Each structure stands twice: as structure tokens, then as C-alpha cells.
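The values are calculated or read from the model by the stated rules, or taken from the named source; none is laboratory data. Worth saying up front: this structure is predicted, and the values here are computed from it rather than measured. Cβ placement follows ideal geometry from the backbone for every residue including glycine, while neighbour counts extend to all protein chains displayed.
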């Protein structure tokens, strides 16, 4: 009952003395403030980008280039990653519907045994996309890196981003902060029971994105010389 009496004394305006008051304020308000900040960041990212995200190919805006954000091809040696498969499928649909002419695949190239851009290129080729219409970015280690490098390295000003629906708000938020005319097309959703941890991580990643662009001035891990994408089709 002591914690309840302590809370009651504060709510009723009774004074706490010394360290008890300080401890109560720390224990009560710091976690609440952090939670409020997390919620605020998520609302900002989602609310400011929802009008730029399409949920199907028919309603997607046409652009010359689509950026496909990378993820691992498998979640275990014997199990494919549905996030990867759905993103690739959506990119192939956009290409076949002539909503885009060229595909930029951006992801982690952390080792000789793990190469997201190569995996994405190979999967897109299996769907009938010509290799000549696919450009790889091997330094897309984070969403911010992929978005900024699409502009600084591959010289894109306006493009479509393909990823999961819960991931797109962060990508579009970053791109539009840097003045890019970007829109998103969501891949087919993975059932929440299979992606709950990913959704939770994304809530925290949105907080990091807000800090990156407004406080930390985060830049991509790797730069490089411009390599403009020459669209031909």
C-alpha cells in the first residue's frame, strides 16, 4: 500500500520530503516522458507520410525508378523471409504494369556470404525483369543510407519506394525531409503474428529516424562518386 499512499499524497497536493519526492518524480515522470516521446515520433512519421503511400499497383504513381529496400532473403537456412518475397513480388508487379522502368535494389552487403542486393537482383530476374534494368546499391545498410544514397550517388530526385507498409512511413519521412519527391508502394502484408517483433522494432526505429534528421544530422556510412541511373526502355 505504500506506493499507493505515495501516489495519493502527490495527487492530493501533499508534500513529500527530501529524497522521497525526488525519487517519486524520477520513477514516475521519466518513463512517462519517454513513452510520450516514442508515441509522438510515431504519430509524426506516420501522419506526415500516409498520403504518399499506395497500397496496390493500380493506385501507385508512375515513376522512372523504384527503390526496393533490402531485407534478408531467409530467416533461417530452411525458411524464406516473406518480407523479402513480398517486396520482390510488388516490385515485379510495378515493372510489368509499366509503373516504373528501372529498379534500384539497396541493401546490406556485409560479407561474401550475405548480399541483399545480389539476392534481390536474382529474384527479380526470376520474375522476368532484365538485368540491364536493375541497379545495385551495396551500401544500403540502413533505410537512411538507402534513401540518401539514391539521391547523392544515383542522382534521383523523384522515385518510388517499395517496402512493407509499416516500413514505408519511415523511408518516406526521411526522403521528404531531404527534399526528395518520393512516394511509396506497400508490399503485401505479412500476418502480424509472424511479424510482431518487426513491428515493435519499427516503432523504435521511427524514433531514431526523427533524431537522425532533426538532432543528430546523421549521414550515410559510405559515400562515393555519383553514378547516375540511365533509364532506357
Based on this model, can you work out whether residue 61 counts as surrounded by 20 or more Cβ atoms within 10 Å (Cβ to Cβ) and either part of a loop (DSSP other than H, G, I, E, B) or modelled with pLDDT of 95 or more (or both)? no
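For segment 70-91, enumerate the residues that are within 20 Å of residue 191 (Cβ to Cβ) and either touching a strand residue (DSSP E or B) at 6+ places or on another chain (Cβ under 6 Å) or not assigned by TED's automatic domain parsing to the domain that holds residue 194 (or both). Even if it seems obvious, please write down each step before you answer.
Taking segment 70-91 first, the residues within 20 Å of residue 191 (Cβ to Cβ) are 71-76, 78-90.
Result: 74, 80, 81, 87, 90.
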Selection within segment 156-176 - part of a helix (DSSP H, G or I) and touching a strand residue (DSSP E or B) at 6+ places or on another chain (Cβ under 8 Å): 168, 169, 171, 172, 175, 176
So, residue 224, is that one in contact (Cβ under 8 Å) with a residue 24 or more places away in the chain, over 19 Å from residue 38 (Cβ atoms) and exposed (fewer than 14 other Cβ atoms within 10 Å of the Cβ) or not? yes
So for segment 114-132 (the condition being assigned to a helix (DSSP H, G or I) and farther than 26 Å from residue 77 by Cβ), does at least one residue qualify? yes
